[in-house]
Amino acid sequence: MKHLSKQVLLVLLLGIVVGLFNACVSSGETTSLTVAQDYSDYRDGNKKALNNLISIYRDSALPVEVREEALLRIVESNDPIGLQAVRNTLKSGSDLDYTLFHASLKALSKTKDIENSRTILQAMQVSRAGYVAVRDEMFLIIEDQIDAQSVAMILKIYANAQEDYASFLKNLTLTLGKMEDTRVVPILMSIASNKKIDIGIRNLAVEILATKNDPAVARLLAEMLDNPATQNQVKTYAISIMDDIKDERLLSSLIDALHNEQTTYYSMLDVITRALGNFDDPELKMAVVKVARDDQMPSRFRKRAINSLATYKDPVIAKQIIDILGNPDNFIFYNDIQEMVDAIDSPELQQKLQHIARSTQAAWERE
């Protein structure tokens, strides 16, 4: 009996050793050399070799490097059966390995086939569904075990999720912008008008919409022009499409926006010209001179600028201001300029002032 038991034990041990040996041999049989040989056989006309490459690509027990090598050879073959096998794997999301998944996407991008786009979009859905399922399961595990120290990590995850969503919206917006399909306009409009979306992405959507000759775009731009929070972002695009889109509301909103901008500009200028006289910086002086000499500027700002410049008693500045009297319309500032010259007490400036005034008056009378 003992002798029989020893024999049984020996048989079992031998079986285990053989099994391990076969397993080692099996795992060692498929290498990059195997892939290279199968691909060579395929190119020599052996169609079965392609099936071998597909099997290697799909075998999750093999090293990723070997599977990736098989994948590249399949795509390189450009064989419809092989390419469809790659697409089917991506669509199903089976045995998802991100290294191989990414390699598959890059490999397919080298072949021009509309089916690739559909495959990649479906792969997005499958991979997202898998990720969401795992994520939800992880939250279920930890929801009753959260402590104060974990809050910071959760907030970081939340911030990352927002960044991911913003990146997705940006890529989505760019992709939609390249599509010549009227159905993308409402989606882009939704992105552009959503206040919760990053302003940079909304601006991108508006810029793309400006290239779409669609009446709905004009209505959206008009609404955004009427909103002080967004009018600065869309003003340039609204102007750029006015020649192509004849829309009364858009034109009215654009005029109102520009009027508001002008009002804001003059309010700022009012504050600036009042404040500039209190500084003795050469660059600031030149800024005030520019205001005083600008014939397009409202007269009240120019008058204030001249009065501010008078406090400096600078002959060089005074000469530049006297020159504006060469335009008869600027004689409304004559008394202010006269006061500036009197404060400096310079015979040369007095002579220049009188000469320009007489010359301009004489020219005006001749006309």
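Residues of region 97-134 that are assigned to a loop (DSSP other than H, G, I, E, B) and surrounded by 12 or more Cβ atoms within 10 Å (Cβ to Cβ): Asp97, Thr111, Asp113. For Val75, the criteria (1) at pLDDT 85 or above; (2) part of a helix (DSSP H, G or I) hold in every case but one, which is (1).
The residue that is modelled with the highest pLDDT, counting only those in region 169-184 that are in a helix (DSSP H, G or I) and β-branched (Val, Ile, Thr), is Thr173. In region 190-201 there is at least one residue that is of a type outside the set (D, E, K, R), farther than 26 Å from Leu121 by Cα and modelled with pLDDT of 75 or more.
Looking only at region 185-204, residues that are closer than 14 Å to Lys170 by Cα and assigned to a helix (DSSP H, G or I) come to 12 in all.
Taking (1) surrounded by 11 or more Cβ atoms within 10 Å (Cβ to Cβ); (2) small (Gly, Ala, Ser); (3) at pLDDT below 80 in turn, Ala166 satisfies each apart from (3). When restricted to residues that are modelled with pLDDT of 80 or more and surrounded by fewer than 13 Cβ atoms within 10 Å (Cβ to Cβ), region 268-297 contains 4.
Examine region 135-151 for a residue that is without any contact (Cβ under 8 Å) to a residue 40 or more places away in the chain, surrounded by 12 or more Cβ atoms within 10 Å (Cβ to Cβ) and touching a Leu at 6+ places or on another chain (Cβ under 6 Å), and state whether such a residue exists. No, region 135-151 contains no residue that is without any contact (Cβ under 8 Å) to a residue 40 or more places away in the chain, surrounded by 12 or more Cβ atoms within 10 Å (Cβ to Cβ) and touching a Leu at 6+ places or on another chain (Cβ under 6 Å).
Within region 26-72, no residue satisfies the criterion of being in a loop (DSSP other than H, G, I, E, B), free of Cβ contacts under 8 Å to residues at least 24 places away in the same chain and surrounded by 15 or more Cβ atoms within 10 Å (Cβ to Cβ). For region 118-134, a tally of residues being among the charged types (D, E, K, R) and within 24 Å of the chain's Cα centre (by Cα) returns 1.
The values are calculated or read from the model by the stated rules, or taken from the named source; none is laboratory data. Just so it is clear, the model here is predicted, and its values are computed rather than measured. Heads up, the Cβs are rebuilt from the backbone with ideal geometry, glycines too, and the neighbour counts pull from every protein chain shown.
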